[in-house]
Structure formats: structure tokens, C-alpha cells
Amino acid sequence: MSWINRDKESIWHPFTPLVGSADPLPVKKAGGVYLELENGRKIIDAISSWWVNLHGHSHPRIAQAIADQAATLEHVIFAGFSHEPAVKLAENLLSVLPQNQDKVFYSDDGSTACEVAMKMAFQYWYNRGEKRNRIIAIDGAYHGDTFGSMSVGDRGPFTEPFAPFLFDVEFLKFPTEELEAEVEAHFDQIIEGGDVAAFIFEPIVQGASGMRVYSVDLLDRMITKAQANDIICIADEVMTGFGRLGKLFASDFLVHKPDIMCLSKGLTGGAMAMGVTTCTSHIIEAYRSGDLMKTFFHGHSFTANPMACAAANASFELLMEQETNNHIHRINQQHELFAGRLKGHKHVANPRVIGTILAFELSNFGETSYVNEARHKLYPYFLERDILLRPLGNVIYIIPPYIIDNEQLAYIYNTIYEFLEELG
Ligand SMILES: *Cc1c(COP(=O)(O)O)cnc(C)c1O
């Protein structure tokens, strides 16, 4: 029996019902934008394998960096010890992050990067001896699947079983253009109530809720007001980081920079799991003490894994090359052309392009939500045509590796267009 037929006997897949789901596809290898199956079939990875891949799969330079590191120092405890790849990565990141970012804290993934950010913010107030127990977040947010991250995320079907265990959060409505004034007034009102420790947000684009874009100016104003009241602003750049929106970080579009930033996904070029939380020297000050009670007691067994650091450093070098920048702009231009084609199509609503992301809603498929039936029809349609797209409810989006070429993009665009035409 082939290994793929034994998959179901031993494995529990993420986000996958145990009954009624299609069998998983057996991936043998991957290179560039293509996933290659056991039978030789090639599938275009149009969503960068859950938004993580930047430079194409199995990139030789990232692979070599991991192999070299594995043969030298595969891992070491990160309390009481350090290593060059971790220092180099911290220096690399700080050299391109907003200038107010001062220190790098390593963890394992996007969820833990956000978890660390919130704990850092809460203990900041504890160390300062000031009681601040409230946190502000935005409806529809996704910050990960751990409890803290779930608490500040969308309270929907996915978090329903855990609702009794999630902490209280001040949620703002998602600031669509019509709601901007209302959301801003609500934000002011919450701040006036006092005791707010932190404000966490996905800057400019909410990913999991359907690539929803909101006003940079509004976010800038909210950060200004929050910081005027010493509220710690946490930018979750797990999805938006590393060039996704056209600039290196979403925060680069902001005049007022966040106090804490969360990174993961593209950090290692998508090759290894790793999370990073960075913060300003202002945050650090509250921890600068020999007092054990003021120590940040958080850490993971695999904190700053050297192989992950090596992958991230190799990915960073690739990211900083002019060629990558050119790719990002080229993808953006191609997306814009396709968005122009989509505009006015009777089945298309709100086509939008931001950096390397293109998204739109299917206008006749009901409400935007992950449980929308549309995805059960869309996902197989594209897969049958050798394209991996994973619509979020009725939202079709493309978030490709940067090395995708124009021909491959055209194939994805044309297939999407054919689908729209077939809807009649
Ligand atoms: C994916 C994502 C996370 C969670 O990251 P994981 O690595 O899946 O734990 C957090 N925040 C945002 C904005 C994300 O897109």
C-alpha cells in the first residue's frame, strides 16, 4: 500500500473535518512555484503554501544554508547560550524594520509571536506597577490559534468551542469606509475609559477574514491616539511582512510606528517554522532589572533554532536583492491589469490589489465568511486545473511566491476568468 493511503490511519490534518474531506494529495517534491505530486502532476502554488513562501519552493540557497547549519550546529538551548545565526538575523531584521524597533525575541510561529507580543505588553504594565487590563482588537482579526491569539481574534465558528476560555477584549468593528468615523469614535471612547494596556491589529490588510483592506490614515490616527495615552501598539505583520504589500513591512506605509511587531510566515522564506517579536527600547526599559519578578519568563525549547535562523538569513539576502524587488513590482503590475479586467464583471465585487496580493468577492455567493459554501466549489475547480487556490469563503485571492513568472500568472488569471464566465 502506498504511503498516501495510510495517511488517514495515523494523521489528523489541520482545518480538516475527519469525515467527508477529500483525500490529501501526495506531494513528492516542490521547486519554484510548482508542487509535484507522486504521479508527476504539477500544481501551481498560487497561495505560497498558506502565505509563507517568498522565493519559490526548495530554493537552492535556502536549502544550502539549512544543510550547512545542520552539519555545524543544529540546535542549542537559547537561555545562557547564543549563536551567530541568531545575532546575524536580529541585526538583519533591525536594519530594515522601522527605526524604533530595538530588540528581537524569538519564538516558533505566528501564533506564538503574537502570544509573546501580548505577554510582553501585559507584563510591561505589571512591571511598571500600573493596573491596565484591557486590550483593543479589530473584528474579524486572525492572530493565531493559541489561546491569547484566539482571544483577540474573530469570535466565530472556529473559536466557538473555546469561547468560555477566552479573555475579554474590546472589539472595534472592522473599519470599512462607511464605518470609519464610527470606529474612530468608539476607539476614542474605549481609550477614555482608561486601563487600556495594548491595541493589536493586522496593519492595513486583514488576511484570514478575506484580505480586507482598511485605511492607512485611520490606522495612523488610531496609533497616534493610543500612543498619546501610553497604549502599546502591536502590529501583527505575520502575513504582511517581507514585501507582501509592496514595501518591506505594512508599517512602512505608516507615519506612526508600532511599539511591538510580530513576524513569521515569510521570515524563513517559508522553509522552516519560526516567529519573531520585536519591540522598542521603551518596552525594554520596564524589564531592565535584576529582579526576577520583572523577568520575561517566556521561552520555547526551539527558541532561535539555528537552522531556522540560517534559513531566515538566506531568505533575507534574497529578499534584499534588486531582482526580488523587481519581481514584487512586476507581480503588482500584472495584478493591476487583471483587476482592471475583473472590474465590472457581473460576478465580481470589490476587486483589489495591494502589493503582491489580488483579491475579490464573488458577488452572487452570499456573505463573506470562511464557512461560506463557495469554497467547496471553488477549491476543487482550480485544483482540477492544477492551481492551488484556497478561497476564504466567497473571496478568491492570489498571494504567489515572488518568483512566479508572467506566464504562470496569466494561466491563473485566465482560469479564474473562465470560472467566472462559466457561472453564466
Ligand atoms: C497566519 C497568521 C498568524 C498565525 O501564524 P501561525 O504561524 O499559523 O501560527 C497570525 N497572524 C496573522 C496575521 C496570520 O496571517
Phi angles of region 235-251, converted by Karplus (6.51 cos²θ - 1.76 cosθ + 1.60, θ = phi - 60°) into ³J(HN,Hα) in whole Hz with x for Gly and Pro, give 9, 8, 9, 4, 8, 7, x, 6, x, 4, 9, x, 9, 4, 9, 4, 4
For the chain, the dipole about the Cα centre with charges only on Cβ (Lys and Arg +1, Asp and Glu -1), to the nearest 20 debye, works out at 460
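So which trypsin sites (Lys or Arg not before Pro) in region 40-140 pass both tests, a DSSP loop state and at most 11 other Cβ atoms within 10 Å of the Cβ?
Taking region 40-140 and a limit of 11 other Cβ atoms within 10 Å, the loop trypsin sites (Lys or Arg not before Pro) found are 131.
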For region 403-412, Karplus-derived ³J(HN,Hα) couplings (6.51, -1.76, 1.60; θ = phi - 60°; whole Hz; x for glycine and proline) come out as 8, 4, 9, 5, 5, 5, 4, 4, 4, 5
The Cα extents of the chain along the principal axes, largest first and rounded to whole Å, are 62, 56, 46
So, relative contact order of region 63-319 in percent, Cα under 8 Å, 6 or more apart, is 31
Within the chain, excluding any chymotrypsin sites (Phe, Trp or Tyr not before Pro) found in a DSSP loop (not H, G, I, E or B) and having at most 11 other Cβ atoms within 10 Å, the longest uninterrupted segment runs 82-296
Here the net charge surrounding residue 314, from other residues whose Cβ is less than 10 Å away from its Cβ (Lys, Arg +1; Asp, Glu -1), is -1
Residues whose modelled amide H sits under 5 Å from the amide H of residue 102, counting only those 5 or more places away in sequence or on another chain, are 279, 280, 281
Given a 1.4 Å probe, the accessible area of region 157-301 per residue, as a whole number of Å², is 41
Per the rule of 0.36 nm per residue minus the C-alpha distance, extending residue 330 to residue 145 adds in nm 63.2 nm
If R0 = 30 Å, then residue 225 and residue 166, at their Cβ-Cβ distance, give a FRET efficiency to the nearest 0.05 of 0.70
Expected vector for region 291-299, Karplus 3J(HN,Hα) from phi with 6.51, -1.76, 1.60 and θ = phi - 60°, integer Hz, x for Gly and Pro, equals 5, 4, 5, 9, 7, 7, 8, 9, x
Whole-percent carbon and sulfur contribution to the accessible surface of the chain (1.4 Å, no ligands, DNA or RNA) stands at 54
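What's the longest bit of the chain with no exposed GluC sites (Glu not before Pro), using DSSP loop states and at most 14 other Cβ atoms within 10 Å as the test?
Longest run free of exposed loop sites: 131-320.
The values are calculated or read from the model by the stated rules, or taken from the named source; none is laboratory data. What you are looking at is a predicted structure, and each value in this text was computed from that prediction instead of being measured. Note: ideal-geometry Cβ built from the backbone for every residue, glycine included; neighbour counts use all protein chains shown. For the accessible areas, the whole protein counts, side chains as well, though only heavy atoms, and no ligand, DNA or RNA atoms are used. Shrake-Rupley method; radii C 1.70, N 1.55, O 1.52, S 1.80 Å.
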